[in-house]
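Student: Got a structure here, written out as structure tokens. Questions coming.
The values are calculated or read from the model by the stated rules, or taken from the named source; none is laboratory data. Predicted model, so just to flag it, every value in this text is computed and none were measured. No Cβ is skipped: glycine too gets one built from the backbone with ideal geometry, and neighbour counts run over all protein chains shown. The protein model used for the area step is the full one, side chains on, heavy atoms only, and it has no ligands, DNA or RNA in it. Shrake-Rupley method; radii C 1.70, N 1.55, O 1.52, S 1.80 Å.
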Amino acid sequence: MAPGAIVLGASAEIGAAHVRRLAADGWSVLGTHRSPAGADELADLEGVTLVRCDVAAPGDIAALAAIAGEREPWTLFISAVGRLDPVGPWEELDFDAWERSVRDNSTAQLRAVHALLPSRRRDGAHVAFFAGGGTNGPFRNYSAYCVAKVLLIKMCELIHDEVGDLNAFIVGPGFLPTKIHAPTLADPRAAGDNHAKTLNFYARPDAALSVDDVHDCIMWAVQQGRDVVGGRNIAAAHDPWGETNGRTPRLLKDAPDAWRLRRAPLPPEPTA
């Protein structure tokens, strides 16, 4: 029986890449999309089922959970939905738009996980979220995005503490050149310093991780399991998760504060 995966935001660039990789590796994938754009390209992949689901609509989440309950228990959940808007100084923003962004970037995704928990594998399931900028300092003019990502990071710690059979973790992918940056590029004044930084990233595409690199990071975390990465905040572009000598998992097991919301580093290798 093929292992089961659920991917929120399957038709967007990052989500679609995860779906393709999982399908190529023999997973049975249940993917969600809010609009048909992009979904058609995945529809013919073997083992992939696509359903319409707006994560901000509780009824859609309930319908998704019902579909998942009729399938084999899922092993991996990846949330690949997110938005940067509204961009600008907090006092100038429309608060309703700000609140919707916080919801879409955090609590709506958590609602999906909560609804899907009954249909998970009870002998080892994994939940992967995506982190973002501003964890350890202000992300000026991106307050909704920033506070939502901090919430998700902390919730990974809480889920890990309370749900003993689940490996919940979050991955910071670094800069990926996707359409999420459209609000930044569209309004240089609102984006402030981040407008120039974003243009600089686009000018140096080789300096960024690829979506495949990020997928590899997620699958590394799945392989390590909750005893190593459960509740962790993994910086895909900076943390030594790709080491092949076993050092990172060994150190993480003895470092409860490493790679959490506080981003404490790995401890040094003990000396003989």
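Student: Report the per residue volume, in Å³, of the convex hull enclosing the C-alpha atoms of the stretch 1-43. Please report the intermediate quantities before stating the final value.
Tutor: Values: hull volume 2.4 nm³, N = 43.
Residue-normalised Cα hull volume stands at 56 Å³.
Student: Just to be sure I understand the rule: take each whole DSSP H helix in the chain, project its Cα atoms onto its long axis, keep it if the span is 15 Å or more and its mean Kyte-Doolittle hydropathy is at least 0.5. Which ones pass? Write out the running numbers ahead of the final one.
Tutor: On the way: long enough: 13-24 (17 Å, 0.30); 58-69 (16 Å, 1.32); 143-162 (28 Å, 0.78); 193-203 (16 Å, -0.85); 211-224 (20 Å, 0.12).
The answer, listed by residue number, is 58-69, 143-162.
Student: Around residue 6, which amide H atoms from residues at least 5 apart in sequence, or from another chain, sit under 5 Å from its own amide H, with H modelled in the peptide plane?
Tutor: It is 30, 76, 77, 78, by chain and number.
Student: Which value results for Rg/Rh of the stretch 24-90 when Rg is the Cα radius of gyration and Rh the Kirkwood radius based on the inverse mean 1/r?
Tutor: Reported Rg/Rh (Cα atoms, Kirkwood Rh): 1.03.
Student: Let me ask something else. Note the direction-averaged projected area, equal to a quarter of the hull surface, for the Cα convex hull of the chain, in nm². Mind showing how you got there, number by number?
Tutor: Numbers: hull surface 60.8 nm².
Its average projected convex-hull area is 15.2 nm².
Student: Accessible area per residue, 1.4 Å probe, Å², for the chain: what's the number? Before the final figure, lay out each step's value.
Tutor: Numbers: 13010 Å² over 272 residues.
For the chain, the per-residue accessible area is 48 Å².
Student: Within 10 Å of each candidate Cβ there may be at most 13 other Cβ atoms; applying that plus a DSSP loop requirement, which GluC sites (Glu not before Pro) in the stretch 17-121 survive?
Tutor: Working: sites: 41, 46, 70, 91, 92, 99; in loops: 41, 46, 70.
Hits after loop and neighbour filter: 41, 46, 70.
Student: How charged is the neighbourhood of residue 253? Take every other residue with its Cβ under 13 Å from the Cβ of residue 253, and add Lys/Arg as +1 and Asp/Glu as -1. If you can, show how the numbers build up before the last one.
Tutor: Working: positive: 226, 232, 247, 250; negative: 227, 254, 257.
Local net charge: +1.
Student: Right, next: How big is D, in µm² s⁻¹, for the stretch 28-182 by Stokes-Einstein at 20 °C and 1.002 mPa s if Rh is the Kirkwood radius over C-alpha pairs? Walk me through the numbers on the way to the answer.
Tutor: Numbers: Rh = 16.6 Å.
Translational diffusion coefficient: 129 µm²/s.
Student: Hey, what number do you get for the chain at 222 nm if only DSSP H runs of n ≥ 4 count, each worth -39500 (n - 2.57), divided across all residues, to the nearest 500?
Tutor: -11500 deg cm²/dmol
Student: Report, to the nearest whole %, how much of the accessible area of the stretch 124-203 belongs to carbon and sulfur atoms, 1.4 Å probe, protein only. Please list the in-between numbers first.
Tutor: Values: 2050 of 3460 Å².
Carbon plus sulfur share of accessible area: 59 percent.
Student: For residue 24 and residue 96, FRET efficiency with R0 = 41 Å and r from the beta-carbon atoms, rounded to 0.05?
Tutor: Step by step, r from the Cβ atoms, then E = 0.50.
Student: On to the next question. So what's the convex hull volume per residue for the Cα atoms of the stretch 111-188, in Å³? Kindly include the intermediate steps, with their values, before the conclusion.
Tutor: Working: hull volume 8.9 nm³, N = 78.
For the stretch 111-188, the hull spanned by Cα atoms encloses 114 Å³ per residue.
Student: Students often get this wrong: which residues of the stretch 1-27 have the backbone nitrogen under 20 Å from the point 7 angstrom along Cα-to-C-beta of residue 165?
Tutor: Backbone N within reach: 1-6.
Student: Pick out which of 116, 199, 84 has the largest mean-square fluctuation in a Gaussian network model of the chain, springs linking Cα atoms closer than 10 Å.
Tutor: Of 116, 199, 84, the Gaussian network model singles out 199 as fluctuating most.
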